[in-house]
Every structure is written in C-alpha cells, then in structure tokens.
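J.: Would you mind keeping the following structure in view while I ask a few things?
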Amino acid sequence: MLWLAQSCLMAQIILAPLMLGGLRPWALAILAILTGLGILTICLRPGPVLVGKHLRYLWLAIAALIGWSVLQSLPIWPVQAYPFNAPHIALVPNGWLSIATYLVWLGGVITLTALVARLQPRLPHFIARTVVFACALQVVLGASAALMGWHTTFWFAKQAHLGDWTGSFANRNAFGTLMGFGIVACLFLYQTTRAVSFTKQLDRAGGWLALAMIFAVALVQSHSRLAFVMALVGGALFVILTPRTHTSRLMRLLGITLGCMAITALTAIASPELFARFTDLVRSDLIQRDDLWATALQAILERPVTGWGPDSIALVIAHFATPNLNTNANWFSSHNLWLDGAIIFGIPAMLILATSFLLAIKTALASGQQPDIRALVIALFVMCVVGSIGDWVMIMPALILPVVMLAMAGFEGALVTRRAMPEFADHAAQSPLPDPEGLH
C-alpha cells in the first residue's frame, strides 16, 4: 500500500506541469483526488496513523486563513464606500471557495508527504528524481513545439510568449522556474552519488550534470529573467552549502563567483534575446512593474487591516490604477506574492503568515537533516523567496509541490532518524559498585 501512496505523490509532480501548472479548477480537482487517494491508502494500512503536532498546527493555520476569508465575505461589516457599496469586505463574496480549495489540497499534500516520509526514508531522493523526470518531459514538449513551429501550450494556442519555450505551461516564468528546480535537483542527485575520487563520481553520476546542462539551455530558451536569476542563486547556494573536504571555503567561494560570472557572460553571448530583456528593465515605456507595485501599495494603504478579499486583485488594481499603468491589461496579480497577499488578506494577516512561514523554515532546518538534503531545501526556499518577489507563479501546484514535498520529507526523515537513535541522555552514567575488600 505504501507504493500506491507514494505514487500518488510522484504522479502530481509530473501531472501538474502537464495541466497548465495545475492551478485551473479542473486540474486542482485531479490533484486533490490523487492526494485523497494517497491519504486513504495510508489510513488503510495496518497499525495506527500517527499525526505529529506540526501537522496539527498546519491545519489550524489553514483553518484560520479560510475562516478569515469567509469572514471577509459575510455581510456583517459597515457598508464599504468604494469601490462598491456593499456590507462586506470581499469584493467577490464567493472568492473564498477557490482559496479554501487550494489550501485544503496543499495541506493534504503536506500531510500525505509526512505520512509517507515516516515509512520511506529515501523519499527526498525519489522526489528529486521525479522532478528531473518532469523537467525532462517539459523540455521534450518545449523543444518539439520550437522545432515544429507550433505556437501552442498543447492545450490552446499561445497568445503571448510566442518565441519562448513554455512547454505545457502558458507562462515562461513558470517553465523557467521548473527548469531551475530541475537543475538544483540534478546537482543534489550528483552530490549524493558517493565515490572515492572526482573522476569516478563523474563517471558514475555525470549523467545528472548533463541533464542539468540541458535544463539550463531550456531555461535560457524560455527567455525568463526571473528564472535565470533564481537558477543562478539556487545553484550557487547549493554548491556553497554542500560539504567539500579537499577544498577551502575561500577557494570554493572564489570558484563559485567566477563560475556565475562565466555563466552570465556565456548566456549573454549565446542568447541575445534574454540579454535584451535584461536591458529592457531600464526602459520605463516597456516595463510597468513599478507602476503596478505603486498601484498595489495604494490599494493596500486604503484597507491595510481588512484587505479586499480573495479574487479581488484585478478589480482593485483597475480602480486604483496609476496614470501610467496600462489599464487595458488584465492585472490579475501585482506580480509580487507578498503584495498580492496584503491586498487579499490585509497587512496583519500577512505578517502572521510570514512569521509562521519563517518559523516553519527554521524548525525544518533545525531538525538535523542530512547536509545534502538540508542544502537542497535551503536552495529551493531561497529560490521561492526570489520568485515570490518577482511574479505570482510560485503558487502554481507544479512549482510549489517540489518545495513543500522536499521540505516535509527531509523534516520527517530527520525526526524518524532521531527517534531511532538510542537516547543516551535519559540514562545517567553510573559508576560501578566499590569492591568490598578494598574498603577494609
């Protein structure tokens, strides 16, 4: 039964990118069915199902967030003067349903990962391999579409990003971010392949490095600035955090710095399109991110405590649009997850959420994980933070799944290892009884 529960987890990593990132209602329903099936399979196994305190805290946080979303939609508030006269805070009263569905699915995935990780100590390695497989599948789709000249997401015709690799995503940042995760996963799998020398390790695990290079080429072909920065930061951080016995820290830092500079220079030469997109950042007539963020900040300051409720971002940005913002575009996000959260839930709720997020990271990293898994989790977390500042795509199931699964699998694996160790601290050292003859 364990293999079925584990398969339900791994299948989601592969299917979510194939289903436009997994955020559409029908795609999320399929992922939720797999999650429920996996939890049911674990519950049907003989023996008790133990749920740790951290999972209880997780579900309490989810219930609190859903409860606040419902409270925003209830007609119990004073009539709000703008942008609509209504006795509730939420501009879209039924918007809490989508938030609740997403959070329940995410909590179920984390719970299932924790339950499987207690029974399968090598779950982080299986997750990393599945991420690599999902990336390879997306590379095949992206390369096929480029070679055949298809402007498609394999679900519908592309309306934007026509010259970019997007695979079965409809977003180049999402495709590039998944490639970045695949690169770090390949580095992790290469690092965990032990050998007596560098040449033997390269001979045994060099294929992971070759796959990482393929994913890097695909990332560059996506022409995503954000994904390029995320991959560079995540890869460098993973190499810094993984232990090396024969190299000094200073030499490693120098080598990583020179390597990042060489990669950046090579990318600028090999992909002028991507380099041109970086130079476009200084053109105010093309880049509207600053106007968009200014509009989001203005909306937040209008309701800093209560927020505007789920699914309200497009209406709020259209109402508070700055003069230079293109109002013809459908701004369903401020392209900053923290600003989006403050618009929806309000500043106090976002501060509580951010504090809980930091405490969860601190707890996970302090659990005594293996150095390689710890480095992988830290690299992915930092990549997520960078991605959340520059775009909204990190909430896609295809992108958040590998992060939460690896974090929870590493955390639970460390707890299982610690419980299996003998607790020497509970047994005080006792001196032997004195020799009676020696007392006389």
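The values are calculated or read from the model by the stated rules, or taken from the named source; none is laboratory data. Model, not experiment: these values are computed from the prediction. Positions of Cβ are generated from backbone atoms using ideal geometry, with glycine treated the same way; all protein chains shown enter the neighbour counts.
One line per residue, one yes/no per condition, for (1) touching an Asp or Glu at 6+ places or on another chain (Cβ under 8 Å); (2) closer than 23 Å to Gly167 by Cα; (3) without any contact (Cβ under 8 Å) to a residue 60 or more places away in the chain:
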{"site": "Leu4", "(1), (2), (3)": "no, no, yes"}
{"site": "Ser7", "(1), (2), (3)": "no, no, yes"}
{"site": "Ile13", "(1), (2), (3)": "no, yes, no"}
{"site": "Thr41", "(1), (2), (3)": "no, no, yes"}
{"site": "Leu50", "(1), (2), (3)": "no, no, no"}
{"site": "Tyr57", "(1), (2), (3)": "no, no, yes"}
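J.: Still on this structure, please answer the following. Going by the conditions given, is Ala136 more than 27 Å from Ala414 (Cβ to Cβ), part of a helix (DSSP H, G or I) and in contact with a strand residue (DSSP E or B) (Cβ under 9 Å, 6 or more places away or on another chain)?
T.: no
J.: Let me ask something else. Give all pairs with beta carbons closer than 7 Å in which a residue from region 289-304 that is among the aromatic types (Phe, Trp, Tyr) meets a residue that is in a helix (DSSP H, G or I) and surrounded by 15 or more Cβ atoms within 10 Å (Cβ to Cβ); count only pairs at least 6 apart in sequence or on separate chains.
T.: Qualifying pairs under 7 Å: Trp293/Leu339.
J.: All but one of (1) free of Cβ contacts under 8 Å to residues at least 40 places away in the same chain; (2) surrounded by 15 or more Cβ atoms within 10 Å (Cβ to Cβ) hold for Ala157; state the number of the condition that does not hold.
T.: That leaves (2) as the condition not met.
J.: If you take the residues of region 272-296 that are of a type in the set (Gly, Ala, Ser) and modelled with pLDDT of 80 or more, which of them is nearest to Met261 (Cα to Cα)?
T.: Looking at the filtered set, the residue picked out is Ala276.
J.: Being exposed (fewer than 12 other Cβ atoms within 10 Å of the Cβ) and farther than 24 Å from Cys8 by Cβ is the filter; apply it to region 37-76 and report the residue that is modelled with the highest pLDDT.
T.: By that ranking, first place goes to Leu60.
J.: Taking Val305 and the conditions (1) within 22 Å of Gly387 (Cβ to Cβ); (2) modelled with pLDDT of 90 or more; (3) surrounded by fewer than 19 Cβ atoms within 10 Å (Cβ to Cβ), which numbered condition does it fall short on, given that it satisfies the others?
T.: So the condition that Val305 fails would be (1).
J.: Hey, another quick one. What about Leu254, is it free of Cβ contacts under 8 Å to residues at least 60 places away in the same chain, surrounded by fewer than 12 Cβ atoms within 10 Å (Cβ to Cβ), within 20 Å of Ala379 (Cα to Cα) and not aromatic (Phe, Trp, Tyr)?
T.: Yes: the conditions hold for Leu254.
J.: Out of the residues in region 364-391 meeting the condition of being free of Cβ contacts under 8 Å to residues at least 60 places away in the same chain and either of a type in the set (A, V, I, L, M, F, W, C) or in contact with a His (Cβ under 9 Å, 6 or more places away or on another chain) (or both), tell me which one is surrounded by the most Cβ atoms within 10 Å (Cβ to Cβ).
T.: Checked region 364-391; the qualifying residue surrounded by the most Cβ atoms within 10 Å (Cβ to Cβ) is Val377.
J.: Go through region 15-36 and give me each residue that's buried (at least 16 other Cβ atoms within 10 Å of the Cβ), under 24 Å from Pro124 (Cβ atoms) and not polar (S, T, N, Q).
T.: Leu15, Ala16, Pro17, Leu18, Gly21, Gly22, Leu31, Ala32, Leu34
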